[in-house]
1. Starting from the Kirkwood Rh over alpha-carbon pairs, what translational D in µm² s⁻¹ does the range D:1-129 have by Stokes-Einstein at 20 °C and 1.002 mPa s?
2. At R0 = 35 Å, how high is the FRET efficiency between A:ASP165 and A:ASP47 if r is their beta carbon distance? Nearest 0.05 is fine.
3. Report the B-C buried area as the accessible area lost on both sides summed, probe 1.4 Å, in Å² to the nearest 100.
4. Can you give the FRET efficiency to the nearest 0.05 for B:ASP9 and D:LEU102, using r as the Cβ-Cβ distance and R₀ = 30 Å?
5. Of all beta bridges DSSP finds with both residues in the protein assembly as shown, what is the antiparallel percent, to the nearest 5?
6. Enter the Cα centre distance for the pair the range B:28-96 and the range C:197-216, rounded to the nearest angstrom.
7. Evaluate peptide D:349-359: per residue, the Cβ atoms of other protein chains within 10 Å of its Cβ; return the mean as an integer.
8. Mind listing the Cα extents of the range B:72-164 along all three principal axes, in Å, largest one first?
Amino acid sequence: MNTPRKLKVATTSLAGCFGCHMSLLDIDERILDLLQLVEFDRSPITDIKHCSACDIGIIEGGVCNAENVHVLREFRANCKILVAMGACAVNGGLPAQRNHLQLHEILTAVYATEGGLASGVQIPNDPELPLPLNQVHPIHEVVKVDYFLPGCPPSADAIWKFLTDLIAGRTPHLGHGLIHYD
Amino acid sequence: MNNSDAINDVLSRHGNNGTRLMQILRETQEGLGWLSPETLSIIAAGIGWPRAKVEGTAGFYTFFHTKPMGKYRVLWSDNITDRMLGNIELMQAMCKALWLEPGRISEDGLVSVHTTSCTGMCDQGPAVLVNYRAITRMTMERVAEMVDLIRSKTPLDDWPAEWFVVENNIRRADMLLSYHLSPGDALRASLARGAEPDIETASNERSWREALHAGDAGRAPRLTKSSVPACAAAAVPASPLA
Amino acid sequence: MSDQTFTLDDQEIPFAPGQSVMQAALDAGVFVPHLCYHPEFRPHGSCKLCTVKINGRPATSCTTPAAAGLNVESNTPEILDKRRTLLQMLLVEGNHFCPSCEKSGHCKLQALGYELGVMTPHFNLIYPDRPVDASHPDVLLDFNRCILCELCIRASAEVDKKNVFSLSGRGITKHLIVNAESGRLADTDFALTDKAAQVCPVGVILPKKQGFSIPIGRRRYDAASMSAHVDEFKPTAKVQEERP
Amino acid sequence: MRGRGGAGFTTGLKWEACRNAPGKTRYVICNADEGEPGTFKDRVLLTRQPDLVFEGMTVAAYVTGASKGYVYLRGEYRYLLEPLNAVLARRRQDNLLGKGILGRSGFDFEIEVHMGAGAYICGEESALIESLEGKRGVPRNRPPFPVTNGFLNQPTVVNNVETLAAAALIAAKGGDWFKSFGTAKSSGTKILSISGDCERPGIYEYPFGVTVRQVLEECGAKATQAVQISGPSGICIGPDEFDRRIAFEDIPTAGSFMIFDIRRDIFEVVRNFINFFAHESCGFCTPCRVGTTLLKNMMEKIAAGHGTRYDLDEIYKLNRVMQSAAHCGLGHTAGNPLVHTLEKFRPAYERRLKSLEFEPAFDLDAALSQARQMTRRDDSAAHFDSAQENA
């Protein structure tokens, strides 16, 4: 009986705090079972920089700057299934709390009027730094997203149920106790 | 006469009756220019309603404004037919001449320019409302003249009368528009028809008698299917095309 | 309870005269999603979450009088999908950031999202700019979470007789206002003991100095879903406070 | 005779229900809100035939036993207030209004003109009544209907201006004479207010049953691409349907008749209508309050060149929810302009769709504008060039 090939999974954190990735690792020893079924492609866990063709792409964090857009689009192009994991990816989360403010007011407030900065400090403009977008967007506003896993972070059990459903080809169903928005 | 006298004058004209709040707000605004927080408080006290309820009503209607909108409030009718006649270009020209953006009041508080929903002048557009009086057939020349009149603070009553003329444009009349009934004919016919013996006395007296057994009308009589023919149910606002 | 009944998803539901379809269903222990309904107030009919099909026509079950022989469909895939869309509309209209909200775990909007399995706001979020009124010594008003259900308006008018709240504006700009020229809650006669302070289904009207007092796991909807709380929504139920 | 205001409810039944409903008093209300874009027939009726309209109200009062009547006149027609009050004053002198009308003791009826203040929703009869009671114009839960629980919870008849004028003619000339006009199911005439691309825009009164083609010929419309009948909440038809008839059996209308020739872009027409609904939604119920704004945002997305097939599917889905869950007619019909023209004028949308798959709703490069300005950077990393965008 030929064992099914391992699914290739890629993960990344855009404008996220890596809390979701921590929660993914909270599945503890179950990660051994997981590794029977999947292999990690580009991911903070493997430190591979660019993702190749994958089956599942898991995105933590919303789209806050230009770099996030590039990474997100690369994931969309390479992954058959794209999953938004965590409140930031699903609805913008904490970073999006700046959205009703004007970006130029924020930058001026932080770098020009804020006390305690060395004199003559300018708004950072090193070409290496990605520029922030006027607003932070949940990822479904930038690319087509297939599945969503809300929570801040989603619990390890919720991630486990979600992944095992997905890998087994079932539509992920969390149910009461596992589905949380906070 | 300071503001509160003017407001109380309107209130007394309407018997301090909250049901007439729409007319009270309109007449007050026509007198004072806008509905300030103090104005709303005086009106609320006058009709004995909670102030929040009065502010709620004032905040619902686009022609009531709880912020100053200028001595002249110019509203450009923005139905698609006005767009097809170039209302946006004319409005932008007016805004540029008055140095303001649509929706914003000018620095000196003199004038504000904005769009509004269809004003019912589609056959003689583009149309505007200036302090809620209709002016039709706007052109670039008339925009320029209007800007000068506003700049020179000329009262509306001294604006060219022909601007305010609204055409009927009746192109094809039939029974409703051509029949010349002298006033009262329909009533006399109804009363005559109504005089047959089996029709009871004038409906006013009858309605009182009928009301007796119904008790206080405050209790909403539950609408049983039988009391109102099925068509009433059809009046549930299904889309006109259902 | 009269012997007259109507069918709700193939279950016979008895009803008393004057009851709405929803009240009869709740009385019979059948949960119907709702947000602007509250057992102690007249039906309002604005949130539309309780929309069902009655004899094939959509209708709000909270405002439709129960009648013998009605065929009511509630938990069909089509209606559940429409309820999910309505909930998503509410989620994108305001700023609902649950992780930092004191009402999380007690919030009906959130609990209904769990109940219906809403995993994403789906539409593009509007991110409105809404104020917070912290002027009152005991109560905070955070309008970011207001879903315009008017429960506080009805409670303040009918029970407290203070008319502290009202609505102003129209359409998407409709918003709650308070009964004071200054627009500040502190300048009204509002008190924490008012009924209006206990009926907000979301996190707008919050008692100060009590945030997050109940730990995660022991909050109202942690242990049991909203539908399991159906007894609380019965027309005769005395609802305990919404105190988070 | 069916109502001329758009709902088309049979007038006689409405009057009879109001007369039979228990109540301390009754009211007759003339709905002169005329907020449907492209409609101006009530304005002309109130200008040329005010007596006919007031006579219709007084006949309704006699039949239903009402002692008070209101004309709810839209705020945009403020200039008509004084002339209408003058006509009312004359009628009082001629003993056609006030106490003991035409010498008949007990037949007392008074009419007052109340102004609206810019709210399309107040054309809906229960929202109109809420407004007449000094409140926000929000439609009521129905049932109960205004005929049993209307103004101040009393039995109330709300009729359109044209309906009341026609009622007066029927009272004077009789029902059979009236039925000799129009078609089997649509007796009498219908006044159309014609505007848009035609030589002679204005008021055209036709017996029911007239074809759209005949109307277009008589008003001098050339190279007509589409006609929006009964306003944004009505129906948009193309040349293949110009033989349809204006009648309750075919195309019902409240009177609006807007003509678009081949130069016009149907997409811009619909965009104007969708913005109108978003602006005029009263905001009471979720599907319409939020739905109209979401539809507006989707139209802006397509207009900005970011639209895709995904957005068209979203529009259909949103429209289904609004049509089944909205509280009143506005929410039910707000999606119609889009859904109709998507069916009949698909190219007007296809031309604007950028790609088949999903596209973000906002311009990515423009989204970096403030950051570029604040950091004064303009290097390639500070931009999204559209070619590279979907790399």
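1. 140
2. On the way: r = 28 Å, r/R0 = 0.79.
Computed FRET efficiency for A:ASP165 and A:ASP47: 0.80.
3. Details: alone 16290 and 11810 Å², together 26990 Å².
The contact between C and B buries close to 1100 Å².
4. The calculated FRET efficiency here is 0.25.
5. On the way: 48 of 98 bridges.
Just about 50 percent of them are antiparallel.
6. Rounded to whole Å, the Cα centres lie 37 Å apart.
7. Per residue, the average neighbour count from other chains is 1.
8. Principal extents (largest minus smallest coordinate, Cα): 33, 27, 21 Å.
The values are calculated or read from the model by the stated rules, or taken from the named source; none is laboratory data. Because the structure is a prediction, the values reported are computed rather than measured. Positions of Cβ are generated from backbone atoms using ideal geometry, with glycine treated the same way; all protein chains shown enter the neighbour counts. Each accessible area value is taken on the protein alone, full model and side chains, heavy atoms only, with ligands, DNA and RNA left out. Shrake-Rupley method; radii C 1.70, N 1.55, O 1.52, S 1.80 Å.
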